[in-house]
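Some notes on the structure that comes next.
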Amino acid sequence: MTGHLSLVSVGPGDLTLVPERARQALQQAEVVIAYELYLTWVRPLLTRQEVLTPPLTQEKERARLAITRAQAGQRVALVSSGDIGVYAMAGLVFEELPDDPPFAVEVIPGITSATACASLLGSPLTHDFATLSLSDLLCPWEWIEERARRIAEADLTCVLYNVQSRTRREGVYRVLRRMLEHKRPNTVCGVVRNAYRPGQEVRVTTLEALLADEFDMLTTVVIGNRFTTRRGRWMYTPRGYNAWPVAPEQAAAPPAGSVWVFSGTSDGNALARQLAEAGWTVTLSVATELGAQVAPQHPRIHLFRGPGGSEARRRALRGARAVVDATHPYAQAMTAQLRALSAELGLPYFRYERPSALPADPHGLLLVDRLEDAAALARTYDRVFLATGSKDLEPFLRAVPETEVFVRLTPQPDVLRRAQELGLPPQRICAMVGPFSLEFNVAQWRAWNIQAVVTKESGAAGGFPAKVAAARALDLPLIVVRRPPPVPGAYATAGALLSALFSQLKEPV
């Protein structure tokens, strides 16, 4: 055998991370074949070699060219970034190789994109994980989406490759929505762009927040499991197999035949109490520890703190008698999910939407349709008070980097920790449970020298009229994100909803 074919892995994008064996293969080669980008960080190793760079889309041509040159007796190095055996060229070469090639073949491993990005994020891959390429050039999209569902179902940490291209924009969001069917919205996730290359970007975020992001083919996304945790600017998945707490879904099952109330609002808690006092067995679904703490206490009210995602809720709702959706007016994704599950399971669905509190006189109000529009207006002020809730904090801060943002958040350790990790100093954070009075708002905004306020039209129960009055008292612009369109057939009063429920269900169980 005179020819030699080395399948060379050159890692993520830094010459210092190229393995010694890969360096030797490159330096000893007569011919180096690669996509041009993959040679960027190994050029110093190339001196006398013939370099061939077929375009990115000609992977099979590159593989055949490498085999042809090796058959001709040349020493060839076929180069790929990351590990050449992971979503790369090695498989294509072996497809084309004869059973007994007349030249030597070696595969030189390297640092994969998954492990490189994991190292920049902390240690998210400490436990079982999966990788998933979102490119459908060589794999049917239906397979990709089904695999995403299975990964989420198994609650594996997942690394997404080939996240988004110029022509494939929507696929990643479909995959993320699949993940949200089985994983909690606040699942810790990481985004890395240009790992170990110029222009490197690294950030930790949440699964829900990823839906508002945009990506490209130089971006890798890491989605944690239910135990993945933030630690400062890092994320990690615990190693322990035996010391993990009992999963919420393994706790006591909710009582059969109960009316499920999905709350998170004072209105929902009041509805749950009224149902219980009327003799109905109620399962009150809460998403946070704070929600459990402020939930009404009654012998007929059972709290449910099960896992997030539509599949988990589908299992939990089997045996329910009805669904009362009293989630926040802006919780569109949850409302859509509950409506779909109720229809699928044949459960009566009752939606409560608190009445609007927009004043007839719009003086001082700047109404917008999206948070992005609110941020565009807020950028024109130096000091802005954000009163839309913790879920909007990250995208808003990214949109107004030059503005000092002040916030009022619920006093939950994870919420406050996240705010500080996003760069908010403690002196710009107020941790309290609302709603707040006109006098309180005036005193706080005056003390902070606020120039504009951003809020949502959360109704009287959310303290919106007091915000309007306080903004007018201080002559501040109030930027208001309009409500989404109401659900058809929603009830605007607790009395109307309860009357309809009693009429349809007849007798309590």
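Restricting attention to the chain, the count of lysine pairs at 8 or more positions apart or across chains with alpha carbons under 21 Å apart stands at 4.
Each residue, Ser165 and Thr16, gets one label point 7 Å from its Cα in the Cβ direction; the gap between the two is 3.4 nm. Only the Cβ atoms of Lys and Arg (+1) and of Asp and Glu (-1) were treated as charged; on that basis the dipole of the chain about its Cα centre amounts to roughly 980 debye. Residue ranges 476-482, 155-161 sort as 155-161, 476-482 when ordered by packing (mean number of other C-beta atoms within 10 Å per residue, highest first). Principal axis extents of the C-alpha atoms in the chain (largest first, rounded to whole Å): 88, 53, 41. Only alpha carbons enter this Debye calculation for segment 189-242, each as an equal point scatterer, and the log10 of I(q)/I(0) it gives at q = 0.13, 0.30, 0.32 Å⁻¹ is -0.36, -1.25, -1.32. Mind checking which of Ala343, Val18, Gly268 is farthest towards the positive end of the chain's charge dipole, using Cβ charges of +1 (Lys, Arg) and -1 (Asp, Glu) about the Cα centre? About the Cα centre, the residue reaching furthest to the positive side is Gly268.
Between Thr410 and Trp143, the contour length at 0.36 nm per residue exceeds the alpha carbon distance by 92.0 nm.
Rounded to the nearest 5, the antiparallel percentage of DSSP beta bridges internal to the chain is 25%. Per-residue ellipticity at 222 nm computed for the chain from its helices equals -9000 deg cm²/dmol, with DSSP H segments shorter than 4 residues left out and the rest contributing -39,500 (n - 2.57). A 1.4 Å probe over all protein chains sorts Arg300, Arg166, Arg314 by accessible area into Arg166, Arg300, Arg314, starting with the largest.
Computed from point charges on the beta carbon alone (+1 for Lys and Arg, -1 for Asp and Glu), the dipole magnitude for segment 50-153 about its Cα centre is near 280 Debye. Projecting the Cα atoms of Pro425, Ser133, Trp143 onto the charge dipole of the chain, computed from C-beta unit charges around the Cα centre, puts Pro425 farthest toward the positive end.
Set against the 2.2 N^0.38 Å expectation for a compact globular protein, segment 356-505 has a Cα radius of gyration ratio of 1.13. For segment 377-492, build the charge dipole from Cβ charges (+1 Lys, Arg; -1 Asp, Glu) around the Cα centre, then report which of Leu393, Ala471, Val481 sits farthest towards its positive end. The Cα lying farthest towards the positive end belongs to Val481. Near the amide H of Val261, within less than 5 Å, lie the amide hydrogens of Thr283, Leu284, Ser285, Val324, all on another chain or at least 5 residues away, with H placed in the peptide plane. Computed with every protein chain present, the accessible area of Glu421 is close to 50 Å² [probe 1.4 Å].
For Leu409, the amide hydrogen comes within under 5 Å of the amide hydrogens of Cys430, Ala431, Met432, counting only partners 5 or more places away or on other chains and with H modelled in the peptide plane.
The values are calculated or read from the model by the stated rules, or taken from the named source; none is laboratory data. None of the values given here were measured: they were computed from a predicted structure. All Cβ positions, even for glycine, are placed from backbone atoms using ideal geometry, and neighbour counts span all protein chains on display. Ligands, DNA and RNA are excluded from the accessible area calculation, which covers all protein heavy atoms including side chains. Shrake-Rupley method; radii C 1.70, N 1.55, O 1.52, S 1.80 Å.
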